[in-house]
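Since the structure comes first, as structure tokens, the remarks are kept for the end.
The values are calculated or read from the model by the stated rules, or taken from the named source; none is laboratory data. Since we're looking at a predicted model, the values are computed, not measured. When we count neighbours, we look across all protein chains shown, and the Cβ atoms used for this are built from the backbone with ideal geometry, even at glycine. Accessible surface is based on the protein model in full, side chains and every heavy atom, while ligands, DNA and RNA are left aside. Shrake-Rupley method; radii C 1.70, N 1.55, O 1.52, S 1.80 Å.
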Amino acid sequence: MATGATGVAEAGAALEITDGFHLLIDALKLNGIGTIYNVPGIPITDLGRYAQAQGMRVISFRHEQNAGFAASVAGFLTKTPGICMTVSAPGFMNGLTALANATTNCWPMILISGSSEREIVDLAQGDYEEMDQLAMARPFCKAAYRLNHAEDIGIAVARAIRSAVSGRPGGVYLDIPGAMLGQTMEAEAGRRSLVKVIDPAPKMRPSPEAIARAMGVLKEAKRPLIVIGKGAAYDQSDDLIRQLVEKTGYPFLPMSMAKGVLPDTHPQCGAAARSMILQESDVVIMMGARINWLLSHGKGKQWGEPGSKKFVQIDIDAEEMDSNVEIAAPLVGDVGSCAAALIEAMDADPVAPPKDWLDRVHAKAEANMQKMSSRLQNNNHPMDYHAALGVLKQAINDRPDTILVNEGANTLDLARSIVNIHKPRHRIDVGTWGVMGIGMGAAIAAAVETGKQVLAVEGDSAFGFCGMEVETICRYKLPVCVVVFNNDGIYRGDGENWGGGDDPATTAFVKNARYDMMMEAFGGVGAWVKTPDELRQAVEAALASGKPTLINAAIDPAAGKESGNIGNLNPSSVVAQALYPQAKKTQG
Ligand code: OXT
Ligand code: ADP
Ligand code: MG
């Protein structure tokens, strides 16, 4: 079977010509891309078949959004653009949310969509699935290109890869009019037209002046803190990050998807003292983390007295500096290069580990963890989030190689603080947008890209956005265990219709829904559990067997909070409070 660019050569030997289909496949393979996340249809059905025939892994999904989320997560995990392939207009649009989400999260992904007859689209003459996709895609990605000629495939794929991974990574759109795929050219010329991208994401080293400036700020620090973000997780310089953190002796706070870059059990981890360290720190090193809504924009009472902080920010994107607050020492570069330069500077001129401060952070974190641990042991009936998550925490402790995927509101926020992550890039969640529906795509990509066991902990609403992909999980026999936290609704399952009518509350679902039977319908294992013991047994069986499994975990419908930890972001209104007595409960 042909591999890499030799596909063209071998096809050429037999036929002396090649075509757009094969040039595209060979261009991807030549650049080390071996997997396509796909939904077939006109005009790309055969492209998927040929890719599979040429030795690529083609994972066909039930909906393009999930294929797109998978591609973006593949990009996050591998630093190589994940490829999502869709049909024209509606399929393309289904993939667009994922493309925008990849760009927002700074993950490399390429959305390749077939498109209709150019001349007809441009004259708006009503072609099959007519749409000016290139124009539509532009606002949602870093770069968008259209391929009109087969001879341009090599260079277009090279540009797309470089755009996706260089500098701040993001989404790229590649428009492939169906007619282009069938274009033929002489095989040897085709082979020569392919481009292997050299050094697609060059290291960016900070200047010595910038390092000296940062060292000056760190030397003055009394209560320093390192915030580690998913840009640091993405960078994969895990050893350098650990060396830097341990050399400084500073406490660190992992953002959600940076949990595990250093284990949550590391003695310098301050996650369980979050409020205290944000408020009381005086110098904060931001490492691949933006100062956005997830950190209250670096302002307000969460951050203590105005003007009480100095920021050192490590980021690959210079424009990120001063986006929300003043950055005293910008370090523009990749995390690995910046960490290495700081380590070198500290070898020459060490910073003093802030022992008293670290002891205080430790004491606060210990106290919070103690408070939490008693709640995790409870045997309440119906089961609550804490009891269920206590079981899952233990499951991950026992099998730290398992990748945790997590979405929902309460399901997300509580799992984040309860379930420790022990290894880098072993937690994938809703990311910067807080988007529901990433779960099954992320779980599939994690299993496909790493071969590891995946545990997807899903709110019942979150799962509903992508649940049909359990068929994909079964079809490809992936080691994915989905646990649906079934509280009969969005945030809570005990909502009422405020108008008193027969329709259910806007946030309520069918009670006691049998999500487990969805998995059974496709040949996987289903379990309906109501107690922590039953959950423990079902999870252990799933993780030990690696079989596609869905555990439908009944959670107290009254246990959740409106919007989990971010209820404060809901707009409130005095009019609503006057009109509806119930509004007090949800609007605070
Ligand atoms: O220090 P303090 O005292 O403050 O305490 C903190 C930590 O120190 C402590 N902690 C610990 N204690 C003990 N031990 C340990 N180990 C420990 N670790 C930490 O715990 C507290 C809290 O810590 P945390 O979590 O780190 O900090 P905090 O304050 O929460 O951090 C703030 C944030 C903002 C960084 C954090 O909350 C965060 O990352 N939040 C992300 C929130 C998010 O993105 N949510 C998802 C979106 S919500 C909403 O939009 C939803 N929708 C609408 C919708 C969406 N999103 N998308 C689409 C496409 N359509 C619609 C929907 C439909 S959610 C949703 C469905 C919800 O229903 P489900 O059924 O799916 O889920 P359920 O709610 O379960 O029913
Ligand atoms: P989190 O949500 O975990 O706080 P964000 O997604 O907000 O993280 O921030 C990630 C940041 O990391 C972005 O500003 C992005 O430019 C940056 N980044 C991405 N890759 C790298 C890298 N290799 N080196 C340094 N910074 C990076
Ligand atoms: Mg729910």
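Values computed for the structure shown
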item: The chain: relative contact order as a whole-number percent, Cα under 8 Å and 6+ apart; result: 12
item: Sequence of Trp433, Trp107 when ordered by accessible area, the most exposed leading, probe 1.4 angstrom; result: Trp433, Trp107
item: Spatial extent of segment 310-356: Rg and Dmax, with the Cα atoms as the point set, Å; result: 12.4, 36
item: Peptide ranges 576-583, 212-219, 82-89, 546-553 listed from the most packed, as the mean C-beta count within 10 angstrom indicates; result: 82-89, 546-553, 212-219, 576-583
item: Dipole of the chain, positive direction: furthest Cα of Asn397, Gln313, Ala578, with charges on the beta-carbon; result: Asn397
item: Lysines with Cα under 21 Å of Lys222, excluding same-chain neighbours fewer than 8 positions away; result: Lys247, Lys299, Lys301, Lys309, Lys310, Lys355, Lys364
item: Volume of the Cα convex hull of segment 133-251, divided per residue and given in Å³; result: 152
item: Within segment 305-334, backbone nitrogen closer than 12 Å to the virtual label 7 Å beyond the Cα of Ser296 toward Cβ; result: 305-306
item: Cα-centre dipole for segment 8-193 with unit charges at Cβ (Lys and Arg positive, Asp and Glu negative), debye to 20; result: 1040
item: Dipole axis of segment 377-586 (+1 Lys, Arg; -1 Asp, Glu on Cβ), positive-most option in Ala542, Pro504, Val529; result: Ala542
item: Virtual paramagnetic centre 7 Å along Cα→Cβ of Ala513, amide N under 14 Å, in segment 61-76; result: none
item: Whole-number Å³ per residue for the convex hull built on Cα positions in segment 377-586; result: 117
item: Positive-end residue of Ala70, Gly182, Ala51, charge dipole of segment 8-193 with Cβ unit charges; result: Ala70
item: Using alpha carbons only: equivalent-ellipsoid semi-axes of the chain, gyration tensor based, whole Å; result: 40, 33, 23
item: In nm, spacing of pseudo-spin labels at Glu305 and Glu188 (7 Å Cα→C-beta vector); result: 7.8
item: Estimated dipole of segment 159-294 in Debye, rounded to 20 [Cβ of Lys and Arg +1, of Asp and Glu -1, Cα centre]; result: 160
item: Antiparallel %, DSSP beta bridges [both residues in the chain], to 5; result: 5
item: Estimated Rh, segment 136-196: Kirkwood, alpha-carbon pairs, angstrom; result: 12.4
item: Inter-centroid distance (Cα atoms) of segment 241-267 relative to segment 428-473, Å; result: 26
item: Only Lys, Arg (+1) and Asp, Glu (-1) charged, at Cβ; segment 257-328 dipole about Cα centre in debye; result: 300
item: Whichever lysines have a C-alpha closer than 22 Å to that of Lys477, once near sequence neighbours (fewer than 8 apart) are set aside; result: Lys452, Lys547
item: Share of Cα-Cα pairs in segment 208-363 lying beyond 26 Å, as whole percent; result: 15
item: Space enclosed by the convex hull of the alpha-carbon atoms of segment 305-450, per residue, Å³; result: 199
item: Full-extension gain in nm, Asn324 to Asn397, via 0.36 nm per residue minus C-alpha separation; result: 22.6 nm
item: Net lengthening on full extension, Arg57/Ile343 (0.36 nm per residue, minus Cα-Cα); result: 98.9 nm
item: Net length gained if the chain between Asp199 and Ser373 were fully extended (0.36 nm per residue, minus Cα distance); result: 57.9 nm
item: Under 10 Å, Cβ to Cβ, from Ala409 - net charge with Lys/Arg +1 and Asp/Glu -1; result: -1
item: Order of exposure, largest accessible area first, which applies to His22, His426 with probe 1.4 Å; result: His22, His426
item: Approximate shape of segment 8-193 as ellipsoid semi-axes (Cα gyration tensor, √5λ), whole Å, largest first; result: 23, 20, 15
item: Stokes-Einstein translational diffusion, segment 408-494 - Kirkwood Rh over all Cα pairs, 1.306 mPa s, 10 °C, in µm²/s; result: 119
